[in-house]
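Just below is one structure, and these are the notes that go with it.
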Amino acid sequence: MPLAPMQHDFWSTLILLLLILDPFGNLPVFLAVTRRLPRGRRAWVTLRETAIAYLVLLAFMAVGARFLRLLGLEQASLQVAGGVILLLVAIRMIFSGSEGLFGEQVGDDPLIFPLAVPLLAGPSALAAVLLLSVGTMQQVALRVAALTTAMALTAAVLLLAERLFSLLGEAVVRAAEKLMGLLVSAIAVDMLLRGLASYFQRR
């Protein structure tokens, strides 16, 4: 039985956000950044950084349409820009080395940078939520629910980072990241084509 349009909007948004947030692919980076923290403090840092990233993305989603109007930008332009950014991220996901997507930056207490921004609330995620801010009130509400669900799942994966990494092994985690990179690249190309088609239809 096919999904209703609103259900499809929720699930497609959730899958897109999970692919962009890439919690499994970020496990090595997360462990590298937090490995000097006491074991009891890692959970607090994980929840704090995930909450900060969630609030940043939610703020961009809330002001996205106004931001576009203020700059005089069309949705098609943002779709093309978001597709380019997503494609660059996908290439990094597929071809990144053992240092991870943003490198192994280790600090005593990584407040905001690099876990919340740019690891979770990075350029691709910000571009995605700006796109998701355009639509009816019901559509935007469903997308906020999808964002909330995606961030909760991401937090759960990161809370289990050490256990998952030791259970799956680095090779499996790297393979999963490259598979997600291929999926993100397909989404990026689709976003680019839709943006270009929308732009030329208006001309």
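A Cβ distance below 7 Å, combined with a sequence gap of six or more or placement on separate chains, defines the contacts here; from the stretch 111-125, residues that are free of Cβ contacts under 8 Å to residues at least 60 places away in the same chain and within 21 Å of Ala81 (Cβ to Cβ) reach residues that are surrounded by 18 or more Cβ atoms within 10 Å (Cβ to Cβ) and among the hydrophobic types (A, V, I, L, M, F, W, C) in the pairs Pro118/Phe102; Pro123/Ile85.
Residues Ile20, Ile85: which one is modelled with pLDDT of 75 or more, surrounded by 15 or more Cβ atoms within 10 Å (Cβ to Cβ) and part of a helix (DSSP H, G or I)?
Exactly one residue qualifies, and that residue is Ile20.
If I ask for residues that are among the small types (Gly, Ala, Ser), farther than 20 Å from Glu74 by Cα and part of a helix (DSSP H, G or I), which ones from the stretch 113-149 would you list?
Taking the stretch 113-149 as the starting set, the residues that turn out to be among the small types (Gly, Ala, Ser) are 116, 121-122, 124-125, 127-128, 133, 135, 141, 145-146.
Add one more test, that the residue is farther than 20 Å from Glu74 by Cα, and what stays is 116, 121-122, 141, 145-146.
Within the stretch 113-149, Ala116, Ala141, Ala145, Ala146 qualify.
Selection of the stretch 139-181 for residues being more than 22 Å from Val117 (Cβ to Cβ) and among the hydroxyl-bearing types (Ser, Thr, Tyr) yields only Ser166. Output the residue which, of all residues in the stretch 124-155 that are surrounded by fewer than 16 Cβ atoms within 10 Å (Cβ to Cβ) and not β-branched (Val, Ile, Thr), is nearest to Gly195 (Cα to Cα). Taking the candidates together, the pick is Gly135. Checking the condition out of contact with any helix residue (DSSP H, G or I) (no Cβ under 8 Å at 6 or more places or on another chain), at pLDDT below 85 and either of a type in the set (Val, Ile, Thr) or under 22 Å from Arg35 (Cα atoms) (or both), which residue from Gly169, Gly107 passes? Result: Gly169 is the single residue among Gly169, Gly107 that is out of contact with any helix residue (DSSP H, G or I) (no Cβ under 8 Å at 6 or more places or on another chain), at pLDDT below 85 and either of a type in the set (Val, Ile, Thr) or under 22 Å from Arg35 (Cα atoms) (or both). In this structure, is Ala152 among the small types (Gly, Ala, Ser), within 24 Å of Thr46 (Cα to Cα) and assigned to a helix (DSSP H, G or I)? Answer is yes for this residue.
Among the criteria (1) surrounded by 16 or more Cβ atoms within 10 Å (Cβ to Cβ); (2) in contact with a helix residue (DSSP H, G or I) (Cβ under 9 Å, 6 or more places away or on another chain), the one Ala32 does not fulfil is (2).
Scanning the stretch 88-104 for residues that are more than 23 Å from Leu57 (Cα to Cα) and modelled with pLDDT under 70 turns up Ser96, Gly97, Ser98, Glu99, Glu104. The set of residues in the stretch 163-203 being free of Cβ contacts under 8 Å to residues at least 12 places away in the same chain and hydroxyl-bearing (Ser, Thr, Tyr) consists of Ser166 alone.
Would you mind stating whether Arg163 is among the basic types (Lys, Arg), closer than 24 Å to Leu68 by Cβ and either modelled with pLDDT of 80 or more or part of a loop (DSSP other than H, G, I, E, B) (or both)? Against the criterion (among the basic types (Lys, Arg), closer than 24 Å to Leu68 by Cβ and either modelled with pLDDT of 80 or more or part of a loop (DSSP other than H, G, I, E, B) (or both)), Arg163 does not qualify. Filtering the stretch 156-178 to residues that are under 15 Å from Leu16 (Cα atoms) and surrounded by fewer than 14 Cβ atoms within 10 Å (Cβ to Cβ) leaves nothing.
The values are calculated or read from the model by the stated rules, or taken from the named source; none is laboratory data. Since the model is a prediction, treat every value here as computed from it, not as a measurement. Every residue, glycine as well, gets a Cβ built from its backbone with ideal geometry; the counts of neighbours run over all protein chains shown.
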